[in-house]
Amino acid sequence: MDNPAHELISYIGHKRRILAMCHNNPDPDTIASAAAFKSILHQTLKSKVVICYGGMIGRAENRQLTRRLKIEMIHVKEIDFRDFSVISLIDTQPSTGNNSMPELVTPHVVIDHHPLRNNTLKCPFYDVRPEYGSTSTIMTEYIRELDLQIDKNIATALFYGLKTDTNGLLRSSIHADLDAFTYLFPRIAPKTLAAIEKPEVPKSYYLKFADAIGKAVQYKDVVISQMGRLNNPDIAAEMADFLLRMENIRWTLCMGEYKDELIVSVRTSRRGWWAGKVALKIMRGFGTGGGHEKAAGGRVNLTGLSPEERQAKAQKIIERFLKIVGVEAEKPKPLNSLSA
């Protein structure tokens, strides 16, 4: 598409009731992109856009993001899809397993930066750019392409979405992300951004981190932590990011149970590898998985399984992971051991 933003506006036309669905347990990129999508359609078409999500907004930073920037979001349980003339997926795609779109509903609009899915090709309008570091970058380009005003709240949200999804541009290698970063930075609210990035967190957050480190084991340059029960699904990704910062560690795998799902997060600092492809391989036959070059994850439905069956699935995922990254012959060492 030469002018995707204009094509989007042309496609939606006079339709007034628009649903923008984020992926489950929404992160800053999907939240910011949905908010920008809403702003764009309001400015250009005066359309009413409702933003919805499944799961929960778990991380303190993400709750601060929605509160500080006044981003209204409704849980999918409150949504009747028949009320909307246009249904959109933002930062996710059909049949990925990470959104709450009903199987019998085909979205009209998909805007995303993950690898293109076959089911997305059935959608009337889709703009999928897997080479981009964030969907926030795409939405920033839409705003610029349409020559729209961008207020401080939307600019701050998009900046934070881009920053977090690319790890401060460390996970990006294309000019589009840098260009969006440069465009947004002078337009943000710095004090508000600081408050979002450094929120207060409960004592339980630190206790879970300490517990996860205590359960972690090291295989050469790989660290794995089976975190047990999670009080929010995002903490597995936070722990995977945290452990990857350790000296001489190139891969991390963190997993834990949230409600009746096994949440899996994969991180790598290895160049030339693709964490998303690794996630797809280790999750095959168990659940859904995917992601980007440096960060990926997956989910397994555990409904009705015994504790032994749940552990068996987790162990099989670990075995696959160890084999793929080439350390299956290594003897594991407790991470908290001085000799590790």
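We did not get these values from a lab; they are worked out from the coordinates using the rules stated. Nothing here was measured: the structure is a model prediction, and the numbers come from that model. Because the Cβ atoms are built from the backbone with ideal geometry, glycine has one as well, and the counts that use them run over all protein chains shown.
Tabulated data for the structure shown
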item	result
For segment 53-79 and segment 208-255, distance of Cα centres in Å	25
Among the listed pairs Lys163/Lys281; Lys15/Lys191; Lys15/Lys163, those beyond 31 Å (Cα-Cα)	Lys15/Lys191; Lys15/Lys163
DSSP-defined antiparallel bridges as percent of all bridges, the chain, nearest 5	50
Burial order of peptide ranges 72-80, 156-164, 12-20 (average beta-carbon count within 10 Å, highest first)	156-164, 12-20, 72-80
For segment 261-340, convex hull volume per residue from C-alpha positions, Å³	111
Residue (of Gly161, Tyr53, Asn301) at the positive-pole extreme of the chain, dipole from beta-carbon charges	Asn301
Two-site FRET efficiency, Val105 against Asp2, from Cβ-Cβ distance with R₀ of 30 Å, rounded to 0.05	0.55
Burial ranking of peptide ranges 276-282, 264-270, 313-319 (average Cβ count within 10 Å, highest at the top)	264-270, 276-282, 313-319
Cβ charges +1 (Lys, Arg) and -1 (Asp, Glu), total dipole of the chain, debye	520
Cβ crowding within 10 Å averaged over residues, with 59-70, 289-300 ranked highest first	289-300, 59-70
The chain: C-alpha gyration tensor shape, a/c 1.5 cut-off, then a/b vs b/c	prolate
Euclidean distance between Cα centres, segment 131-190 to segment 264-297, Å	24
Choice from Pro190, Pro26, Pro202 with maximal GNM fluctuation in the chain (Cα, 10 Å cutoff)	Pro202
Extension gain from Leu116 to Phe185, taking 0.36 nm per residue of separation minus the Cα-Cα distance	21.9 nm
Residue among His292, Ala35, Ile282 farthest towards the positive dipole end of the chain, charges placed on Cβ	Ile282
Cα gyration tensor shape of segment 204-334, rounded if a/c is under 1.5, else prolate or oblate by comparing a/b with b/c	rounded
Gaussian network model of the chain, Cα within-10 Å springs - most flexible of Cys123, Cys254, Cys52	Cys123
Over 18 Å between alpha carbons, listed pairs Lys259/Lys333; Lys48/Lys70; Lys220/Lys323; Lys208/Lys259; Lys294/Lys333	Lys259/Lys333; Lys294/Lys333
